[in-house]
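Colleague: Submitted below is the structure of interest, expressed as C-alpha cells.
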Amino acid sequence: MGRRKKHAPKHGSLAFLPRKRAPNPVSSVNNWLKADLENPTLLGFIGYKVGMTYIYLISDKPGPTYGQEIFTPVTIVETPPILMCGFRLYTQSHMGLKTVSEVWMNNPHNDLFRSLKLSRNFDLDNGIRRLEKSMDEASELRAIIATQPRLVSVSSKKPTIMEIQIAGGTIKERFDYLKETLGKEVLVSQVFKEGQSVDVIAVTKGKGFQGPVKRWGIKILSRKSRKTKRGVACIGPWNPSYVMYSVPRAGQMGFHQRTELNKEILRVGSDSGQINPDNGFVHYGLVKSDYLMFRGSIPGSVKRIVKMRYASRSSPVINKASPQITYVSR
C-alpha cells in the first residue's frame, strides 16, 4: 500500500474574502500600465471568450524542450473591431482624477443607444475646441469604446462600453491620435502583437451556493461523525463565542472577478478558417472575425466578456518573436 496522505492545504486564498458574487458579469479594470510608450497606443482591448483547444508549437523557452515540438492547450478569444465612439479628458485633483470634458462621435449607430443616452446631433467641432482650451490642465486621456456584438456569435445586440487609457507620446500627440480615430474602428492587431504578455480580466464561472468541502477542500469527516460529515468539526470555542473569518464555511462559489497576469499571446489572427471546427466551438459557434490565441486557460465562461490590458507587472519570460505553431486542433 502507498503512503496515505495526512494533510492537504486549504483551497483558495483568504486574501479574496469575502467571496461574494461579482456585481456585474462584465469585469472592470482598476489600473493601467504606467510606463510610457513611443507612440500613442490604446492600453487595452475587449473580446468574447470562445473556448479551448490545443496546438503543437516549437518551444522557444529555455529548458529541456527548447527547439522541440510540444503540446500546449490554448484559449481562443474573439476580438471584433471596437468602435471609438468618444474620448474623455481628466485632470488630477486632490480627490483623484476629475473629468474636464468629453466629446462624442457624430451620427452614432442605433445599437449604441441600447447602452448610452447620446445626442444624435452632438456638436463635435465645439467639443474639440472646448477640449483644446483645457489641454494645459490635462493629466490623462481615455478613449470611450464600444463593442460590436453583431459581428460575433452571441445573441446580445447591446454593446459593452469601456474606457481605455491612452499612453505614449505627449498629451498633444495622444489628443491628435484620438481626434483622428474618433468614429472609426480599431483592430486588435493595432493594439497587441504575437508573443506579448498581457493581463486578462474576467468574471469566473458561477457555481452557486456550495458547502465547505467543495468550496475550501476540507477533509470529509468519519462515517461515525454525529452531526455532519461534509462540514467543519469545530468552528470555534464556547467562549469567546466567535467564529473567525478563516474558518471554512459554506457560501457563494464562483462568479468572482479575477485578473490573470502575464498571459502569453500565441497568435493574433484574422483568418478564422484556421481555427474553426466544422460545426463550430461547443456552446459558442463559429468565429467570424479577428481573434487572439492565449497559452493556457483564462477565467470566465463561454461567450463572456473578457478584458485585456498591457501587462502591469514585468513578465519573467518575454518573447519578442512570434511563436512557431505547427498544428492547430480543429
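What follows draws every value from the coordinates through simple rules; no lab data is involved. All of these numbers come straight from a predicted model, not from anything done at the bench. Virtual Cβ from ideal backbone geometry, glycine too; neighbours counted across all protein chains shown.
Colleague: Could you check how many percent of all C-alpha pairs in the stretch 137-275 are farther apart than 23 Å?
Modeller: Summing the P(r) of the stretch 137-275 above 23 Å gives 63 percent of all pairs.
Colleague: Given a 10 angstrom Cα cut-off, can you work out which residue in S272, S241, S301 is the most mobile in a GNM of the chain?
Modeller: S241
Colleague: Can you tell me the orientation of helix 124-133 relative to the chain, as the angle in degrees between its alpha-carbon axis and the longest Cα principal axis, to the nearest 10?
Modeller: 80
Colleague: A further question follows. Which percent of Cα pairs goes in each bin when the distances of the stretch 82-186 are cut into 5 angstrom slices starting at zero?
Modeller: P(r) for the stretch 82-186, in whole percents per bin: 2, 12, 23, 23, 18, 12, 7, 3, 1.
Colleague: With the crude spin-label approximation of a point 7 Å out along Cα→Cβ, what separation in nm comes out for K20 versus T99?
Modeller: Roughly 2.6 nm, to one decimal.
Colleague: Add -39500 (n - 2.57) for each DSSP H run of 4 or more in the chain, then divide by its residues: what number comes out at 222 nm, to the nearest 500 deg cm²/dmol?
Modeller: Calculated mean residue ellipticity at 222 nm is -2000 deg cm²/dmol.
Colleague: While we're on this one: Are there any trypsin sites (Lys or Arg not before Pro) in the stretch 140-198 that are in a DSSP loop and have at most 14 other Cβ atoms within 10 Å? List them by number.
Modeller: For trypsin sites (Lys or Arg not before Pro) across the stretch 140-198 that sit outside H, G, I, E and B with at most 14 neighbouring Cβ atoms in 10 Å, the list reads K157, K184, K193.
Colleague: Here's something else I'd like to know. Taking only the C-alpha atoms, wrap a convex hull around the stretch 156-228 and report its volume per residue in Å³ as a whole number.
Modeller: It comes to 222 Å³ per residue, whole-number rounded.
Colleague: If you don't mind, there's one more thing I want to ask. Can you tell me the orientation of helix 171-181 relative to the chain, as the angle in degrees between its alpha-carbon axis and the longest Cα principal axis, to the nearest 10?
Modeller: That works out to roughly 90 degrees.
Colleague: Magnitude of the Cβ-charge dipole of the chain, K/R +1 and D/E -1, about the Cα centre, nearest 20 debye?
Modeller: Roughly 3160 debye for the chain.
Colleague: Moving on to the next point. Give me the one-decimal Kirkwood hydrodynamic radius in Å for the chain, with the sum taken over alpha-carbon pairs.
Modeller: Computed over Cα pairs of the chain, the Kirkwood hydrodynamic radius comes out at 22.9 Å.
Colleague: How would the stretch 1-81 be classified by its alpha-carbon gyration tensor: rounded, prolate or oblate, with rounded meaning a/c under 1.5 and the a/b versus b/c comparison settling the rest?
Modeller: Oblate, because a/c is 1.5 or more while a/b does not exceed b/c.
Colleague: Next up: Apply the a/c threshold of 1.5 to the C-alpha gyration tensor of the stretch 124-198 and tell me whether it is rounded, prolate or oblate.
Modeller: oblate
Colleague: At 0.36 nm per residue, minus the direct Cα-Cα distance, what do I235 and R129 gain on full extension? Give it in nm, one decimal, please.
Modeller: 31.7 nm
Colleague: Relative to the present Cα-Cα distance, how much length would full extension add between Q210 and N107 at 0.36 nm per residue of separation?
Modeller: 32.2 nm
Colleague: Picking from P299, P240, P80, which is most flexible by a Gaussian network model of the chain using Cα springs under 10 Å?
Modeller: Result for the chain, Cα springs under 10 Å: P240 fluctuates most.
Colleague: Now, a different point. Starting with the fewest neighbours, write out V188, V50, V282 ranked by other beta-carbon atoms found within 10 Å of each beta-carbon.
Modeller: Least crowded to most crowded, the residues run V282, V188, V50.
Colleague: Take the alpha carbon atoms of the stretch 16-73, find their center, do the same for the stretch 139-157, and report the distance between the two centers in whole angstrom.
Modeller: 19
Colleague: Cut-off 10 angstrom, C-alpha nodes, Gaussian network model of the chain. Which of R295, R120, R226 fluctuates the most?
Modeller: In the Gaussian network model the winner is R226.
Colleague: Related question: By average Cβ neighbour count within 10 Å, what is the ranking of 82-89, 321-328 from highest down?
Modeller: Ranking, from highest mean packing down: 82-89, 321-328.
Colleague: Here's something else I'd like to know. Please go through the stretch 178-279 and write out the GluC sites (Glu not before Pro) that DSSP classes as loop and that have at most 14 other C-beta atoms within 10 Å.
Modeller: Within the stretch 178-279, no GluC sites (Glu not before Pro) qualify (loop, at most 14 other Cβ atoms within 10 Å).
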